[in-house]
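Some notes on the structure that comes next.
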Amino acid sequence: MAILFSRIKGMLFLLFHSCFCSGQPAPPLLRFSIFLDPSNMVYLRWDHDEQEMMTFELQVHTTGWVAFGFSPHGELPGSDIVIGGVFPNGSIYFSVS
């Protein structure tokens with residue numbers, strides 16, 4: 001996956017969607033996927049278009065928040081980190097650092 005992430009070219013696009021009711025649009029077709037942990041609690045789907053724009057979907061069994069990092073070398077220093085979650089009132093937050 002490191003080769004795939006190196007093609008991001010400094011741009012990060014994440015797709016967050018909620019399909020809790022029938023009125024929501026269907027999620028896009030994402031051709032690639034992998035579980036990121038041995039207990040199958042973190043599921044990543046992704047795809048790219050002809051211009052190499054990437055779309056990611058991260059599904060996580062969590063208690064309210066998740067952090068996800070991108071790095072060309074697989075280590076925390078110098079990586080881009082995305083943090084998101086749901087507040088107790090149901091509102092969603094999202095931050096990139």
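The values are calculated or read from the model by the stated rules, or taken from the named source; none is laboratory data. Quantities reported herein were computed from a predicted structural model and do not represent experimental measurements. So basically every Cβ, Gly included, is an ideal-geometry build from the backbone, and we count neighbours across all protein chains shown. When the accessible area is computed, the model is the full protein with side chains, heavy atoms only, and any ligands, DNA or RNA have been set aside. Shrake-Rupley method; radii C 1.70, N 1.55, O 1.52, S 1.80 Å.
Pairs under 6 Å by beta carbon, first residue closer than 17 Å to residue 93 by Cβ in region 47-75, partner part of a strand (DSSP E or B) and aromatic (Phe, Trp, Tyr), six or more apart or different chains?
That search, which allows pairs on different chains as well, returns 58/68.
Among the residues of region 53-76, what is the count of those that are of a type outside the set (Val, Ile, Thr), touching a strand residue (DSSP E or B) at 6+ places or on another chain (Cβ under 6 Å) and open to solvent by 40 Å² or more (accessible area, probe 1.4 Å)?
Looking only at that region, the number is 5.
In region 28-66, what count of residues is obtained for those that are in a loop (DSSP other than H, G, I, E, B) and touching an Asp or Glu at 6+ places or on another chain (Cβ under 8 Å)?
Of the residues in region 28-66, 4 are in a loop (DSSP other than H, G, I, E, B) and touching an Asp or Glu at 6+ places or on another chain (Cβ under 8 Å).
Can you tell me which residue is nearest to residue 61 (Cα to Cα) among those in region 77-97 that are open to solvent by less than 80 Å² (accessible area, probe 1.4 Å) and of a type in the set (S, T, N, Q)?
Filtering first and then ranking leaves 91.
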